[in-house]
Amino acid sequence: MDGRTVFTSRQEIELAISAARLQGKSIGFVPTMGALHEGHIALVKRAVLECEYVVISIFVNPTQFNNPKDLELYPRMLEKDVDMLKDFNNVVVFAPTVDQVYPSNDSFPGVDLEGLDAVLEGEFRPGHFQGVVHVVYNFFQIVQPDFAYFGLKDFQQVAVIEHMVRQLELKVKIIPCPTLREKSGLAMSSRNLRLTEQQKSDALIIHATLNAMVQKAIELTPNEVAEFARDLFNSGQLKLEYLEIVDPHSLQKLSNQWVKGAVCCIAAFCGDVRLIDNMLIKP
Ligand code: AMP
């Protein structure tokens, strides 16, 4: 079985996974929304190294889109995605329809995100993280993975999923993976497909700003670094939605004191494409 094996029905994939389990195989899971790029593939490679049977879901989850236009324009290219996975062994693709993921007897118990969903992305995308935890929970029920791989490109998402796993005492181990970037520094994203060459060049201000912040953080407070960074960012062409330096666990904004692992998260519009990125500012 290689990455060309595509399941669309829940029953079929559950059967295949229980057969793998009966053979004593460890199960890895990589959830995606498709339009795969090297960032996704890095997660797949890691999963394949660490697990004996890997499920990659490709599902554009409607409940995590608060903007209907974003959902409509989200790139979909299942055939091309499957082609990118064809050389991996012990990998299967699960590309279900909405009713397979959200059955009428949906058992999602709900998660209290305790404010993790009120800041950063949560402030600008109401309901987004409730949609994320719901879909990830439902996928975990189907796949029952030992390990699940998530990209730190979506830093807040990793924090939210880890919180869900702790709160619901799920057995899966979450493996956060580093952000893959283009040589230019632009974080890889399916949404980059919607950028023109000029916009891709304009978007480099994100990485340039994050890099500059690391240096500034040596001598300035978080507030001062954030102020410097917003000015630098606003000298470019993108429209800033937020730029915050936060505690990596609580995601609360840092003002005067640094904590180890402080992260800067940015969201901005490049034309009508919304991009996010982040960087560790205080190692
Ligand atoms: P998505 O298809 O955008 O939902 O992403 C699926 C998974 O791939 C998520 O865990 C993302 O954080 C991860 N991912 C997306 N872009 C990157 C990237 N540039 N580097 C590493 N992981 C990524």
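The values are calculated or read from the model by the stated rules, or taken from the named source; none is laboratory data. Here the structure is a predicted model, which means the values were calculated and not measured. Glycine gets a Cβ as well: all are built from the backbone with ideal geometry, and neighbour counts include every protein chain shown. For accessibility, only protein heavy atoms count, side chains too; no ligands or nucleic acids. Shrake-Rupley method; radii C 1.70, N 1.55, O 1.52, S 1.80 Å.
Of all residues in the stretch 148-173 being touching a helix residue (DSSP H, G or I) at 6+ places or on another chain (Cβ under 9 Å) and away from the ligand (no atom under 13 Å from the Cβ), which is most open to solvent (accessible area, probe 1.4 Å)?
Only one residue fits best here, namely LYS171.
When you go through (1) within 16 Å of the ligand (Cβ to nearest atom); (2) open to solvent by 70 Å² or more (accessible area, probe 1.4 Å); (3) not assigned by TED's automatic domain parsing to the domain that holds LEU152 one by one for ASP231, which number turns out not to apply?
Unmet condition: (1).
For the stretch 101-171, which helices (runs of 4 or more DSSP H) that fit wholly inside it have 2 or more residues that are under 30 Å from LEU49 (Cβ atoms) and without any contact (Cβ under 8 Å) to a residue 60 or more places away in the chain?
Hits in the stretch 101-171: 128-143, 155-167.
Say whether the condition of being within 30 Å of TYR242 (Cα to Cα), assigned by TED's automatic domain parsing to the domain that holds VAL54 and surrounded by 21 or more Cβ atoms within 10 Å (Cβ to Cβ) is met by at least one residue in the stretch 89-104.
Checked against the condition, which is being within 30 Å of TYR242 (Cα to Cα), assigned by TED's automatic domain parsing to the domain that holds VAL54 and surrounded by 21 or more Cβ atoms within 10 Å (Cβ to Cβ), the stretch 89-104 yields no hits at all.
Please find, among ILE206, ILE218, the residue that is open to solvent by less than 40 Å² (accessible area, probe 1.4 Å) and β-branched (Val, Ile, Thr).
Sole residue among the options that is open to solvent by less than 40 Å² (accessible area, probe 1.4 Å) and β-branched (Val, Ile, Thr): ILE206.
Criterion first (of a type in the set (A, V, I, L, M), crowded, with 20+ Cβ neighbours inside 10 Å and more than 14 Å from the ligand (Cβ to nearest atom)) does ILE58 satisfy it?
Answer is no for this residue.
Residues are listed down the side, and each one gets a yes or a no for (1) more than 22 Å from GLN157 (Cβ to Cβ); (2) under 21 Å from the mean Cα position of the chain (by Cα); (3) more than 15 Å from the ligand (Cβ to nearest atom):
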residue	(1), (2), (3)
ILE13	yes, no, yes
ALA16	yes, no, yes
ARG21	yes, no, yes
HIS40	no, yes, no
LEU49	yes, yes, yes
PRO62	no, yes, no
ASP70	no, yes, no
TYR74	no, yes, no
LYS80	yes, yes, no
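Kindly provide the set of residues from the stretch 176-202 that are free of Cβ contacts under 8 Å to residues at least 60 places away in the same chain, of a type in the set (Ser, Thr, Tyr) and not in a loop (DSSP other than H, G, I, E, B), ordered by number.
Answer for the stretch 176-202, where residues must be free of Cβ contacts under 8 Å to residues at least 60 places away in the same chain, of a type in the set (Ser, Thr, Tyr) and not in a loop (DSSP other than H, G, I, E, B): just SER201.
Among the numbered criteria (1) within 16 Å of the ligand (Cβ to nearest atom); (2) open to solvent by less than 50 Å² (accessible area, probe 1.4 Å), which one does VAL111 miss?
The single condition VAL111 does not satisfy is (1).
Starting from the stretch 261-283, keep only residues that are more than 21 Å from GLU72 (Cβ to Cβ), then list their pairs with residues that are buried (at least 20 other Cβ atoms within 10 Å of the Cβ) and among the polar types (S, T, N, Q) whose Cβ atoms are within a distance under 6 Å, requiring at least 6 positions of separation or different chains.
Close Cβ pairs satisfying both conditions: VAL263/ASN278; CYS265/ASN278.
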